[in-house]
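The structure under discussion appears below in the form of structure tokens.
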2 protein chains.
Amino acid sequence: MPRPKTRIQIRNSETILEAALDVFSAHGFRGATLDQIAEVAGLSKPNLLYYFPSKEAIHHALLTRLLATWLDPLRDMDAAGDPVAEVMGYVRRKLELSRDYPRESRLFAIEILQGAPRMREAIEGELKALVAQKAKVLQTWMDEGRIARLDPVHLVFSIWALTQHYADFDVQVRTVLGDGRDPYAEAGAFLETLYTRLLAP
Amino acid sequence: MPRPKTRIQIRNSETILEAALDVFSAHGFRGATLDQIAEVAGLSKPNLLYYFPSKEAIHHALLTRLLATWLDPLRDMDAAGDPVAEVMGYVRRKLELSRDYPRESRLFAIEILQGAPRMREAIEGELKALVAQKAKVLQTWMDEGRIARLDPVHLVFSIWALTQHYADFDVQVRTVLGDGRDPYAEAGAFLETLYTRLLAP
DNA sequence: GTCTATAAAACGATAGAC
DNA sequence: GTCTATCGTTTTATAGAC
């Protein structure tokens, strides 16, 4: 499927990527098998390879299309807005992403954990550049005394770590909290308190 | 090797576990192969299986022996000590663990990320119980007004997330920071600031 | 205890019928 | 476009010589 054109091609490509997300996010690249993906997708294995030339190609398509989504919340942090509200908004959007797209979070986590063998380019390029740009915005806000003076890059790391933890370590979080508690609702409140105190000038 | 006895048995078991840590932490259980582990260990594949009955057994031995180490810093948080100093000490010890044992951190991360299929028992038992016990200690300190009132369990989650991030996402952290910066030194300073502000009553 | 050789199953990918 | 059948390889694990 070099370029999906017909409706059925688009639909099947989507079905495959959806199934692949399930399997890759649960087992990593090498741990995932085409048999599993085919079964989840409800297609035969050769049919998978009719739409994508290889296992590698499916994984690559997944990562590429997800990177954009994953960086959107940071991209939306506006230099012209109110500093505290902008950072808080970023934290909130990132936590919502963890809540609504936990498989995507785990897919990225596994990839980076394993040394990012299939995503180095994106990290060294797009991701690094975006962080550098937003770090400057944060630095300006700090220099103006509108938020507390902190290392801006580690501030971004902290937001990634604290929000993605709830998706990536979901099993542990739910086990430790026990039944009847809503991890994401509680995390939202906790993180609002945390960043309110941390950012106060 | 049901029970290592002789010196050579102990030494080879250690060599195998050390090599297995390398490979499992980099590729996860299914992504790792006995061939790889054997090559890193400098032993033949059948020799590996002379010391451990199966791939599963090697992985299990690794996880079991590492869980204790991983929980030690939290275990050392002393109810009789100074609250702020105790939490700070926990953060520091946990960050040192990330710095000195990043492979162990990634091994646990991959396991939990994948739904903890080989560690559920430990999480539901030992880990959950320890967190519950220490959450009570934190709650007491909060009730006494000695640290700020927060959800104690999410406070523990935040320490896990913020410290383990530097080991688990090492590649990303180093790429974004760029050369010539020491992630762990900077993280130490950042986290001390963060928890100082967060915990102030 | 350690090796070579190999069994048995699973894996990514292809051939070719329809 | 989708299937069955299968190739060639890799993988876990075992057999048996030494």
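All of the numbers you see were taken from the coordinates with simple rules; none came from a lab. Nothing here was measured: the structure is a model prediction, and the numbers come from that model. When we count neighbours, we look across all protein chains shown, and the Cβ atoms used for this are built from the backbone with ideal geometry, even at glycine.
Entry remark, the range B:29-50: residues being within 11 Å of chain A (Cβ to nearest Cβ) and more than 13 Å from DNA strand C (Cβ to nearest atom) number 2 in total. Of all residues in the range A:161-182, exactly one satisfies the criterion of being surrounded by fewer than 20 Cβ atoms within 10 Å (Cβ to Cβ) and touching a Lys or Arg at 6+ places or on another chain (Cβ under 7 Å), namely A:T175.
Listed by position, the helices (runs of 4 or more DSSP H) enclosed by the range A:1-119 that each have at least 3 residues that are within 23 Å of the chain's Cα centre (by Cα), of a type outside the set (K, R) and away from DNA strand D (no atom under 16 Å from the Cβ) are A:7-31, A:55-75, A:83-100, A:102-113.
Of the residues making up the range A:66-100, those that are of a type in the set (V, I, T) and loosely packed, with under 13 Cβ neighbours inside 10 Å number 1.
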